[in-house]
Structures are given as structure tokens and as C-alpha cells.
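What follows draws every value from the coordinates through simple rules; no lab data is involved. Every value quoted in this text rests on a predicted model; they were computed, and no experiment measured them. Neighbour counts run over all protein chains shown; Cβ positions are idealised from the backbone, glycine included.
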Amino acid sequence: MMNLATELSTPPWRDDGELEALTFDIAGETFALEAAIVREILDLLPETAVPGARAFVGAVVNFRGKVIPLADIRLAFGMPSAEATIDSRIVVVEVEIEGTPTLVGLRTDKVTEVLTLRKSDSEPPPRVGMRWPTELIECLIKCGTSVIIFPDLRAIFAANGRKTSSEADIIRHPKS
């Protein structure tokens, strides 16, 4: 019996088994996202910290007159935060969060290229030996001698982007 979560969280491969993907680096690892969800690649912008927000989405930026959250997925993967470099970029993506299309900026160390990836080169992350939470990875894709990590943005935002129910209760029902 196929696990429903595994069935639903796979990259959107085309009928020919390929996918156009934007690749970027975070902490020396290569990640990829479906190119169709990428709205823009930006140089770093001034950030406004959000008091009380979790570190994962601890700031917002002004993107073409809209205030959007700025996420650091390195924190979701348990990597230490890092200072920006001359190569750092913000990748603005449109993802569905709780049923609503939402613009989000993703902080990256470096944007590399757009590649055509093949489904035949992908496989689920191994359950043993991974240093990242496997539930946050849709698949690993072999590309030459390296491996590209295809993160599950919906799972990342579900696990890291929301306040817990107790935090939400405090906001809805503050103590007098």
C-alpha cells in the first residue's frame, strides 16, 4: 500500500518524466525547485525583522510593493545560520500554503542554474544516514556525480512556518 504522503509529495514531473528546475546552493549543498513556481531572483533586499516570529521566517521584505515573508530553509534543515555573501540571493516563489497561493522569499547562498531533471534519476531519501529531516525532502536527484535535494516546501512551511496551537491561543486570547 502506497503511503498517501509520499504519493502527494513528489515533484510535478511532466508526462515525459522531466522537470525544469532552478538549482541553488545552501551551506554547500545543491537544492532544486520547480522553475514554474519561481517568480523572481533578487539581490538581497533590506529586511525588517518580525518581533516574536520564529527564526525560520523571522523577517519580511518589500517585493514590488508587497510585503512578503523571507524564509531561511537552512534553519528548517537544522543547518546553522550564515552571513550573506556577494553571491547570496533571494528566490521569490509562489507556493500554496493552507490552500492559498502565497509569495515567499527564500534566502539562498547562491543561485546556480536552471536544469532539466529526469524522474528516472530521482529516488526517495534514505531513512537511515540522512543528516536532514527526510519528511522535508520530496526526493534526491542524481546529477552526474552529485546529488540534488528537492525540498518539500509545503512540509517545510507546515512544520516551521506556523505558530503552535498554544501560541495561536495566546494571540487570540491574551491574558489580561
quick shape note, segment 17-162: Cα extents on principal axes in Å, largest first -> 42, 34, 28
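Fewest first, what order do Thr112, Thr23 take by the number of other Cβ atoms within 10 Å?
Working: Thr112 16, Thr23 22.
So the ranking, lowest neighbour count to highest, is Thr112, Thr23.
For segment 20-93, with only Lys/Arg (+1) and Asp/Glu (-1) charged at the beta-carbon, what is the dipole magnitude about the Cα centre, in debye rounded to 20?
Numbers: 6 positive and 10 negative charges, 73 e Å.
For this selection, approximately 340 debye.
Which of Thr145, Thr30, Thr116 has the fewest other C-beta atoms within 10 Å, and how do the rest follow up to the most? The partial results should precede the final answer.
Working: Thr145 5, Thr30 17, Thr116 11.
Fewest to most other Cβ atoms nearby, the residues stand as Thr145, Thr116, Thr30.
With a cut-off of 8 Å between alpha carbons and a minimum separation of six or more residues, what is the relative contact order of segment 17-162 in percent?
28
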The exposure ranking of Val67, Val147, fewest beta-carbon neighbours within 10 Å first, is Val67, Val147
Computed for segment 17-162: size of charge dipole around the Cα centre, +1 on C-beta of each Lys and Arg, -1 on C-beta of each Asp and Glu, debye to nearest 20, value 280
Reduced to Cα centres, the span from segment 12-49 to segment 57-131 in Å works out to 7
